[in-house]
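Visitor: Got a structure for you, written out below as structure tokens; questions coming shortly.
The values are calculated or read from the model by the stated rules, or taken from the named source; none is laboratory data. Since the model is a prediction, treat every value here as computed from it, not as a measurement. Cβ atoms come from the backbone with ideal geometry, glycine included; neighbour counts cover every protein chain shown. Surface accessibility is based on the protein's heavy atoms, side chains included, excluding ligands, DNA and RNA. Shrake-Rupley method; radii C 1.70, N 1.55, O 1.52, S 1.80 Å.
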Amino acid sequence: MMIFRKTEYIISAVKPEQYPEANRPELAVSGRSNVGKSSLINKFVNRKFLAKVGRTPGKTQYINFFNMNDEWYLVDLPGYGYAKVPLQTRAAWGKMMQTYFRKRENLRGVIQLVDIRHKPTEEDKMMVNMLWENDIPALVIATKADKIARGQRPRYLKIIADTLEMQDWKEIIPFSTEDGTGIEELHEAVNHIIYGAGTEESIEGI
Ligand code: GDP
């Protein structure tokens, strides 16, 4: 388990000039509105209100930066896919994402969230392609796993993997904020992305 001594909101940015200084590793979380992104972030850091749950979908068109232990940045990317968002706003979102992925040199990877119950959408595919094009490692997480019986999950994960053109559905981490499914795997994966091969404990022990 990663230990969070300090987690705090820093800034909501639109333009690169507003991003915090790129002096630490960074990990971003992305997904459709309502996929469970805020819930996952809060569960991940074991805080109830770091990211806001259940905001009006489509209203969070900012890149939100959080300070993790003064060691790395966690970034909450704006949710997408909300039907009522005007085309203009969607275009602005696409441009903002492209700019972020292209310019953010300290970005180590992106956690891409999809709802375990649904086939990934065109926008999910677009997002994963954007990561692929920019050589950014992606970790796919299937949220709301508690909604599908354990024995049924592989069938759903295979659909997600096929749609996103992944090699192996077993690379997807099923996750649930309701019953804690996947939290340890997520901590382990993030630890690896941020700190590399060594564990956080061994780094902290230096
Ligand atoms: P966001 O828009 O992606 O930030 O999604 P939220 O975190 O606000 O969650 C959207 C809705 O899904 C809320 O009603 C949550 O309570 C619900 N939700 C989130 N995670 C889970 C989960 O793991 N299991 C279940 N059953 N519901 C969840």
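Visitor: Could you grab me the full set of residues in the stretch 1-28 that are assigned to a loop (DSSP other than H, G, I, E, B) and closer than 26 Å to E123 by Cβ?
Guide: Within the stretch 1-28, V14, K15, Y19 qualify.
Listed here are the residues, each with its yes/no results for (1) open to solvent by 20 Å² or more (accessible area, probe 1.4 Å); (2) away from the ligand (no atom under 14 Å from the Cβ); (3) modelled with pLDDT of 95 or more; (4) within 18 Å of the chain's Cα centre (by Cα).
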residue	(1), (2), (3), (4)
H118	yes, no, yes, yes
T143	no, no, yes, yes
K147	yes, no, yes, no
P154	yes, yes, yes, no
M166	yes, yes, yes, yes
E171	yes, yes, yes, yes
T177	yes, no, yes, yes
L186	no, no, yes, yes
V190	no, yes, yes, yes
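Visitor: Which residues, taken from the stretch 29-58, are assigned to a loop (DSSP other than H, G, I, E, B), touching a helix residue (DSSP H, G or I) at 6+ places or on another chain (Cβ under 8 Å) and either at pLDDT 95 or above or near the ligand (Cβ under 8 Å from one of its atoms) (or both)?
Guide: Taking the stretch 29-58 as the starting set, the residues that turn out to be assigned to a loop (DSSP other than H, G, I, E, B) are 33-36, 46-58.
Then keep just the ones that are touching a helix residue (DSSP H, G or I) at 6+ places or on another chain (Cβ under 8 Å); that gives 48-55, 58.
A51, K52, V53, G54, R55 - these are the residues of the stretch 29-58 that are assigned to a loop (DSSP other than H, G, I, E, B), touching a helix residue (DSSP H, G or I) at 6+ places or on another chain (Cβ under 8 Å) and either at pLDDT 95 or above or near the ligand (Cβ under 8 Å from one of its atoms) (or both).
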